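The values are calculated or read from the model by the stated rules, or taken from the named source; none is laboratory data. No experiment lies behind these values; they were computed from the predicted model shown. No Cβ is skipped: glycine too gets one built from the backbone with ideal geometry, and neighbour counts run over all protein chains shown. Ligands, DNA and RNA are stripped out before the accessible areas are found, and what is left, the full protein with its side chains, is counted by its heavy atoms. Shrake-Rupley method; radii C 1.70, N 1.55, O 1.52, S 1.80 Å.
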Amino acid sequence: MKMLAGTGNGLFAIDEAHQTMAVLAERTVRDLKDSGGRLLAGTDAGLSASEDGGRTWRPSGIDGRVVWQIFTGPHPGEVYAGTQPAGLYRSKDDGRTWEDIDSFAQAPDAERWCVPVKPRQPGRARALVVDRADPQSIWVGIEVGGVVSTKDGGATWRLDLPGANPDIHMMVAHPAKTSVLFASTGYGRIDGVAEQIEGNAGMFRSDDGGATWQYVWRGVTPRYARPLCIDSRPPYGVTVGSSPTAFSSFKDTGGAAAMLYRSDDLGATWRSLGDAAHSPSAANFHGLVPDPTTPGGVLVGTDSGEVWRVSARAEWTQLASGLPIVWSLLALA
């Protein structure tokens, strides 16, 4: 299986022999998607695209913004992108041209969105879900701001805070029940950092399209949940990586103490996907996507520059090493 790995220092191709080659020089590649055979990379300098399977790349819009997530929409050619500063963009031609959904800037509390570090950074629209049955329904997760949603294609917006938590990292929708959403969250608050206790970070689920949320991370540690994906194949397993804090790293004394968890019952129960070397893991987890070749499996990238295939039975196979921090992954046909 060939892959692309988006890292903190550009984009790398990984071949079947697990050899790596740099194919795009950008400071950070946050997300990777395939839209109609056109490959898209969300970078710290905007969006880049490849027409030849990832061998060559060129800029493709949204210049001057960090592109945190790309969502391929329900209609052919339709693509959405979330950025920092927090913005929402839509394309109808596989990312060749883009329109700014400017009503998004008028969403409730938009003027307060931020990343509360020193100095403060603009908020990030880093989680995107578009209802494939009703593309007028869009959810955007803001770090730090909450879940902003529209039912009318952006004419009006509402704001919801899962468990009063505005620090949204990733969101996914259940493939067979689009009203069921999952969100991973952290400790960030607009006015600082929340106490590191149960309920203040972790996984949330909504059964009603984001109107209400329930905490589904009770008894699970570590609590700071970030990378998240859901398998499109039954039983629609939800996999999430978690760590003690936003800054947990393989460089820490004793390592990052990160975990990789999976739920096959909508978050009612979670089980570790860690083997003896990854439970807890010295490396932290960042890039995380379903493995298209292995039902129930995932592909995961680490802050130590490794890429692994992890089966539903917690069997780990290394696919690459020696890379910069791996933020995003894309399996190629």
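Is it the case, given these coordinates, that residue 226 is more than 30 Å from residue 12 (Cα to Cα), out of contact with any Leu (no Cβ under 8 Å at 6 or more places or on another chain), among the basic types (Lys, Arg) and open to solvent by 10 Å² or more (accessible area, probe 1.4 Å)? Explain how you work it out, then say what you get.
On the way: more than 30 Å from residue 12 (Cα to Cα): no; out of contact with any Leu (no Cβ under 8 Å at 6 or more places or on another chain): yes; among the basic types (Lys, Arg): yes; open to solvent by 10 Å² or more (accessible area, probe 1.4 Å): yes.
The answer is no for residue 226.
Can you name every residue in segment 162-193 that is among the basic types (Lys, Arg) and without any contact (Cβ under 8 Å) to a residue 60 or more places away in the chain? Walk me through it before giving the result.
Step one: list which residues in segment 162-193 are among the basic types (Lys, Arg), which gives 177, 189.
Answer for segment 162-193, where residues must be among the basic types (Lys, Arg) and without any contact (Cβ under 8 Å) to a residue 60 or more places away in the chain: just 177.
What residue, among those in segment 60-83 that are polar (S, T, N, Q) and open to solvent by less than 20 Å² (accessible area, probe 1.4 Å), is nearest to residue 36 (Cα to Cα)?
60
Residues being open to solvent by less than 10 Å² (accessible area, probe 1.4 Å), touching a Lys or Arg at 6+ places or on another chain (Cβ under 9 Å) and small (Gly, Ala, Ser): count how many of those fall in segment 20-59.
Here the count works out to 7.
Evaluate segment 106-118: report whether one residue or more is in contact (Cβ under 8 Å) with a residue 24 or more places away in the chain and in a strand (DSSP E or B).
First, the residues of segment 106-118 that are in contact (Cβ under 8 Å) with a residue 24 or more places away in the chain: 106-110, 112-116.
Within this subset, residues satisfying the condition of being in a strand (DSSP E or B) are 114-115.
So far as segment 106-118 goes, yes, one or more of its residues are in contact (Cβ under 8 Å) with a residue 24 or more places away in the chain and in a strand (DSSP E or B).
Testing residue 133 on (1) exposed (fewer than 14 other Cβ atoms within 10 Å of the Cβ); (2) at pLDDT 95 or above; (3) among the aliphatic types (A, V, I, L, M), one condition comes back false. Which one is that?
(2)
So in segment 19-35, with the set limited to residues that are outside any strand (DSSP E or B) and either at pLDDT 95 or above or among the hydrophobic types (A, V, I, L, M, F, W, C) (or both), which one is farthest from residue 63 (Cα to Cα)?
Of the residues in segment 19-35, the ones outside any strand (DSSP E or B) are 19, 25-28.
Among the residues that remain, those that are also either at pLDDT 95 or above or among the hydrophobic types (A, V, I, L, M, F, W, C) (or both) are: 19, 25, 28.
Details: 19: 31, 25: 15, 28: 14 Å.
It comes out as 19.
If you take the residues in segment 73-100 that are free of Cβ contacts under 8 Å to residues at least 24 places away in the same chain and assigned to a loop (DSSP other than H, G, I, E, B), which one is nearest to residue 168 (Cα to Cα)? Write out each step before concluding.
Taking segment 73-100 and keeping what is free of Cβ contacts under 8 Å to residues at least 24 places away in the same chain, we get 90, 92-93, 99-100.
Then keep just the ones that are assigned to a loop (DSSP other than H, G, I, E, B); that gives 92-93.
Numbers: 92: 27, 93: 29 Å.
Looking at the filtered set, the residue picked out is 92.
Does residue 92 satisfy the condition of being surrounded by fewer than 21 Cβ atoms within 10 Å (Cβ to Cβ), over 21 Å from the mean Cα position of the chain (by Cα) and under 25 Å from residue 188 (Cα atoms)? Step through it out loud before you land on a result.
Values: surrounded by fewer than 21 Cβ atoms within 10 Å (Cβ to Cβ): yes; over 21 Å from the mean Cα position of the chain (by Cα): yes; under 25 Å from residue 188 (Cα atoms): no.
Spelling it out, it is not the case that residue 92 is surrounded by fewer than 21 Cβ atoms within 10 Å (Cβ to Cβ), over 21 Å from the mean Cα position of the chain (by Cα) and under 25 Å from residue 188 (Cα atoms).
Which of the strands (runs of 3 or more DSSP E) contained wholly in segment 232-333 include at least 1 residues that are under 18 Å from the mean Cα position of the chain (by Cα) and without any contact (Cβ under 8 Å) to a residue 24 or more places away in the chain?
Working: elements: 238-243, 259-263, 285-290, 298-302, 307-310, 316-320, 326-332.
Of the strands (runs of 3 or more DSSP E) lying wholly inside segment 232-333, those with at least 1 residues that are under 18 Å from the mean Cα position of the chain (by Cα) and without any contact (Cβ under 8 Å) to a residue 24 or more places away in the chain span 307-310.
Mind listing whichever residues of segment 25-73 are on the phi < 0 side of the Ramachandran plot and among the small types (Gly, Ala, Ser)?
Our first condition is that a residue be on the phi < 0 side of the Ramachandran plot; within segment 25-73, this holds for 25-35, 38-45, 47-52, 55-60, 63, 65-73.
Within segment 25-73, 25, 35, 41, 42, 45, 48, 49, 50, 60, 73 meet the criteria.
I need the full set of residues from segment 140-177 which are in a loop (DSSP other than H, G, I, E, B) and of a type in the set (S, T, N, Q), in order please. Walk me through how you get there before you give the answer.
In the first step, residues of segment 140-177 are kept if they are in a loop (DSSP other than H, G, I, E, B); the result is 144-145, 151-157, 161, 165-167, 174-177.
Residues satisfying the conditions are 156, 165.
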